Every structure is written in structure tokens, then in C-alpha cells.
1. Only residues that are in a loop (DSSP other than H, G, I, E, B) and either at pLDDT 95 or above or not small (Gly, Ala, Ser) (or both): list them for region 52-74, please.
2. Among the residues of region 56-78, is there at least one that is touching a His at 6+ places or on another chain (Cβ under 6 Å), over 18 Å from Lys112 (Cβ atoms) and polar (S, T, N, Q)?
3. Assess whether Glu33 counts as being touching a residue at least 60 places away in the same chain (Cβ under 8 Å), outside any strand (DSSP E or B) and farther than 21 Å from Lys112 by Cβ.
4. Restricted to region 1-22, and to residues that are surrounded by 14 or more Cβ atoms within 10 Å (Cβ to Cβ) and small (Gly, Ala, Ser), which residue is nearest to the chain's Cα centre (by Cα)?
5. Return yes or no: is Ser25 of a type in the set (Gly, Ala, Ser), modelled with pLDDT under 95 and surrounded by 12 or more Cβ atoms within 10 Å (Cβ to Cβ)?
6. Within region 84-102, is even one residue in a strand (DSSP E or B) and out of contact with any Gly (no Cβ under 7 Å at 6 or more places or on another chain)?
7. Among the residues of region 1-16, count how many are under 20 Å from Leu90 (Cβ atoms), of a type outside the set (Ser, Thr, Tyr) and touching a residue at least 60 places away in the same chain (Cβ under 8 Å).
8. On the basis of being over 16 Å from Phe26 (Cβ atoms), of a type in the set (D, E, K, R) and surrounded by 13 or more Cβ atoms within 10 Å (Cβ to Cβ), does Glu43 make the cut?
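The values are calculated or read from the model by the stated rules, or taken from the named source; none is laboratory data. Just so we're clear, the structure is a prediction, and the values are computed from it rather than from any experiment. With ideal geometry, Cβ positions are generated from the backbone for all residues, glycine too; neighbour counts draw on all protein chains shown.
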Amino acid sequence: MRVYVGHSGSFDFRKELYEPLKRLSFEFVFPHEKTGEPFNSKEVLKSCRLMIAEVSYPSTGLGIEIGWADMYGVPIVFIHKKGVKVSDALKVIGKDFIEYSSDEELIAGIRKFMH
């Protein structure tokens, strides 16, 4: 299963998001794993079966990617840190939300959607 991982650039996503997800054995697309350069997520999303959107930090780019995933019919799982109030607008796009406070909670929550 090919999974796109979208997120803001406002935190250490390589350490806090990419590294924990690498413990799962799925084909993840990490758009900024090697570089901070713009990434053609619009085309890549067409070939993905799921999008994981880390929505703890507001991001215009992430919002655009979420819109593309929705337009292409790619299911979206929204993840966010415990205690963070996320935009209510996301509930219009999807119903699958995972709140986490540790890597272990993040991985356990994601496993429920990976089938």
C-alpha cells in the first residue's frame, strides 16, 4: 500500500513523524525526506491508496494537498498531537482522526487504518 504523508514544515517532521512511521512496513511517500524543495504531491497523490495528514500545525500547503487527496478520492487519516485544537473544517473532509502523545500511540493509531 502506497501512503502519502503530508505535514507542515513547522516542526522536526523527519524525527517526530518520518522516523516513527518507518517502523511500519508500508510504502510511505515522505515528500521532504531528503530535501526541503517543493514536491509534486499533486501527481504523487494520484497513485496513493491513503494519505496521512499531520495537522497539529496550520499549513497552507498541507491544506492544498488535503484538497487534492479528497478530489482524487484518496482516504485521509488526520493525526495530531494531544491537546492541539485542529480546524473543524477537516471534519468536512474526513472522520478518521488520531490523537497521540508518543511514538507508540502514533504507530498504534496508524496500524488501525493500514489494511
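1. Listed by number, the residues that qualify are Val55, Ser56, Tyr57, Pro58, Tyr72, Gly73, Val74.
2. Yes, region 56-78 contains a residue that is touching a His at 6+ places or on another chain (Cβ under 6 Å), over 18 Å from Lys112 (Cβ atoms) and polar (S, T, N, Q).
3. Here the answer is no, as Glu33 does not meet what is asked.
4. Among those that are surrounded by 14 or more Cβ atoms within 10 Å (Cβ to Cβ) and small (Gly, Ala, Ser), it is Gly6.
5. Here the answer is no, as Ser25 does not meet what is asked.
6. yes
7. The qualifying residues number 2.
8. Answer is no for this residue.
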